[in-house]
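**Q** Quick one: the structure is below, and I'll ask about it shortly.
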Amino acid sequence: MLPRPKIIKKIYLDHAATTPVDSRVLASMKPFFSEKFGNPSALYGLGREARNAVDDARKTIASLMHALPENIFFTAGGSESDNMAIFGTARAHAHKGKHIISLAIEHHAVLRPLEELVKEGFEITYVPVDKNGLVSSEAVAKAIRPDTILITIMFANNEMGSIEPIADIGREILKFRKANNSIYPLFHTDACQAAGYLDLDVEKTHVDLMSINGGKIYGPKGVGALYVRRGVKISPIIFGGGQEKSMRAGTENTAGIVGLAKALEIAQALKEKESIRERELTKYLWGQITKNIPEIKLNGPEIGESRLPNNLNVTFKNIEGEAMLLYMDEYGIMCSTGSACTSESLEPSHVLRAMGMSYEMAHGSIRFTFGRSNAKADIDYLMKYLPAIISTLREISPVNSVTKHPKYK
């Protein structure tokens, strides 16, 4: 393997895990940490100033989603938004049915609440995805039953970048409702990965609930939002004061909320330009990998319209992904083996397993995700060391050692 250079560059290729805070976002937040620190529930001027900032942020986010301000509820992040949507909807409508439809490739912020709801007597149907991590709207429609009250399907997958046909699924749900003269099933989408790249218009997607997260769009961590369509009832999961129309107790994180709105505004304004630029980087990296490293496999859809433009997930055969991450970190290269929220687990990606990949192959998967600061020079630096790292790991791989044994020849 190549020697460690004297000067280590920092190459961040894990933007699906989190993003740095945009300087414009940080500037919008700063006054609310010390100068405009009032509690938005207070009646005096300092409190009203904070309340106005929260209200303005709500209006900004609503306009970007083609929603009304009263449809937007602020949370402590994407996971809470997902939990609020799933637990809140299921418990508020359990008297109408206890069947929910989802995908096995969902983020754990969706899968774990569904597992908990099973303990409360709910039944979950996981509609299969194809080898690219995509579900068909027809398959979802076939899974709907008279007692189905909720469908929760992610807008874009955090590991594969697979973009699900949310609008098509929404139309199928509308057909079912019309044919059965019903408001069910309600439709939720986790749009945390989609917010920086896809149109979040809730009218075009036909969703009833949508979750977003500040940390994925160059905003602050620990803040998110949930869109809830007018007339859709959900039960609160955090109790206390009357904040957020008594739907989410706790003093509002004014600085975070302001930052979330600014980040989403910037992300939606840049999405087309950045999508083109980052897709070119993704294509360039894939081209360099295929040219220089044998025994590889692209995971998820081909690089194009069905895949987030910044995502490249590759299996390098006969290596351990975790070992590869440690070796790359020695050269200042940062990426991921899958979902950042489960990075401490040694189990292979549940997404890859749900897509039909073997346990051994799934263990060798690496996710590279680009962001606004990346350029071709970052890829050139990565490729200076990646082939040698792979070669070294394959030489010491237990899998490789077994297949080289005389009985396999």
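The values are calculated or read from the model by the stated rules, or taken from the named source; none is laboratory data. This structure is a prediction, so every number in the text was calculated from the model and none was measured. We place every Cβ from the backbone using ideal geometry, glycine too, and count neighbours over all the protein chains shown.
**Q** For region 32-57, which positions are in a helix (DSSP H, G or I), of a type outside the set (Asp, Glu) and touching a residue at least 40 places away in the same chain (Cβ under 8 Å)? Working first, answer last.
**A** Just the residues of region 32-57 that are in a helix (DSSP H, G or I), to begin with: 32-34, 45-57.
Cutting the leftovers down to of a type outside the set (Asp, Glu) gives us 32-34, 45-48, 50-54, 57.
Phe32, Phe33, Ala50, Ala53, Val54, Ala57 - these are the residues of region 32-57 that are in a helix (DSSP H, G or I), of a type outside the set (Asp, Glu) and touching a residue at least 40 places away in the same chain (Cβ under 8 Å).
**Q** Can you find, within region 332-356, the residue that is nearest to Leu281 (Cα to Cα) among those that are surrounded by fewer than 22 Cβ atoms within 10 Å (Cβ to Cβ) and modelled with pLDDT of 95 or more? Show your work before the answer.
**A** First, pick out the residues of region 332-356 that are surrounded by fewer than 22 Cβ atoms within 10 Å (Cβ to Cβ): 332, 334, 339-348, 350, 353-354, 356.
Next, only the ones that are modelled with pLDDT of 95 or more stay: 332, 334.
Numbers: Gly332: 19, Met334: 16 Å.
Residue satisfying both the conditions and the ranking: Met334.
**Q** Give Gly321, Gly300 a once-over and let me know the one that is small (Gly, Ala, Ser), surrounded by 18 or more Cβ atoms within 10 Å (Cβ to Cβ) and on the phi > 0 side of the Ramachandran plot. Write out each step before concluding.
**A** Details: Gly321 fails: on the phi > 0 side of the Ramachandran plot.
After applying the criteria, what remains is Gly300.
**Q** Select from region 130-154 the residues that are in contact with a strand residue (DSSP E or B) (Cβ under 8 Å, 6 or more places away or on another chain) and β-branched (Val, Ile, Thr) and write down the one among them that is surrounded by the fewest Cβ atoms within 10 Å (Cβ to Cβ).
**A** Restricting attention to region 130-154, the residues satisfying the condition of being in contact with a strand residue (DSSP E or B) (Cβ under 8 Å, 6 or more places away or on another chain) are 132-134, 140, 143-145, 147-154.
Narrowing further to those that are β-branched (Val, Ile, Thr): 140, 144, 148-149, 151-153.
Details: Val140: 26, Ile144: 20, Thr148: 22, Ile149: 23, Ile151: 29, Thr152: 28, Ile153: 24.
Looking at residues that are in contact with a strand residue (DSSP E or B) (Cβ under 8 Å, 6 or more places away or on another chain) and β-branched (Val, Ile, Thr), I get Ile144.
**Q** Give me a count of the residues in region 48-67 that are surrounded by fewer than 17 Cβ atoms within 10 Å (Cβ to Cβ) and more than 17 Å from Gly256 (Cβ to Cβ).
**A** 3
**Q** May I ask you to say which residue of Asp168, Asp208, Asp199 is among the acidic types (Asp, Glu), within 27 Å of Ser63 (Cβ to Cβ) and buried (at least 20 other Cβ atoms within 10 Å of the Cβ)?
**A** Details: Asp168 fails: buried (at least 20 other Cβ atoms within 10 Å of the Cβ); Asp199 fails: buried (at least 20 other Cβ atoms within 10 Å of the Cβ).
Unique residue meeting the criteria: Asp208.
Residues are listed down the side, and each one gets a yes or a no for (1) farther than 12 Å from Ser81 by Cβ; (2) modelled with pLDDT under 95; (3) of a type in the set (S, T, N, Q); (4) surrounded by fewer than 24 Cβ atoms within 10 Å (Cβ to Cβ):
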{"residue": "Ile212", "(1), (2), (3), (4)": "no, no, no, no"}
{"residue": "Val223", "(1), (2), (3), (4)": "no, no, no, no"}
{"residue": "Ser235", "(1), (2), (3), (4)": "yes, no, yes, yes"}
{"residue": "Lys245", "(1), (2), (3), (4)": "yes, yes, no, yes"}
{"residue": "Val258", "(1), (2), (3), (4)": "yes, no, no, no"}
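**Q** Evaluate the following for Ala109: is it in contact with a helix residue (DSSP H, G or I) (Cβ under 9 Å, 6 or more places away or on another chain) and either farther than 28 Å from Met357 by Cβ or not hydroxyl-bearing (Ser, Thr, Tyr) (or both)? Don't jump to the end; show me each part of the working.
**A** Values: in contact with a helix residue (DSSP H, G or I) (Cβ under 9 Å, 6 or more places away or on another chain): yes; either farther than 28 Å from Met357 by Cβ or not hydroxyl-bearing (Ser, Thr, Tyr) (or both): yes.
Answer is yes for this residue.
**Q** Quick one: would you say Glu360 is among the acidic types (Asp, Glu) and either within 17 Å of Ala16 (Cβ to Cβ) or modelled with pLDDT of 90 or more (or both)? Steps first, answer last, please.
**A** Working: among the acidic types (Asp, Glu): yes; either within 17 Å of Ala16 (Cβ to Cβ) or modelled with pLDDT of 90 or more (or both): no.
No.
**Q** Any residue in region 104-115 that is in the same structural domain as Asp208 (by TED's automatic domain parsing), crowded, with 24+ Cβ neighbours inside 10 Å and farther than 23 Å from Thr18 by Cα?
**A** No, there is no match, as no residue in region 104-115 is in the same structural domain as Asp208 (by TED's automatic domain parsing), crowded, with 24+ Cβ neighbours inside 10 Å and farther than 23 Å from Thr18 by Cα.
**Q** Quickly run through region 348-390 and pick out the residues that are polar (S, T, N, Q) and within 17 Å of the chain's Cα centre (by Cα). Spell out how you get there, then give the answer.
**A** Step one: list which residues in region 348-390 are polar (S, T, N, Q), which gives 349, 358, 365, 369, 373-374.
Listed by number, the residues that qualify are Ser349, Thr369.
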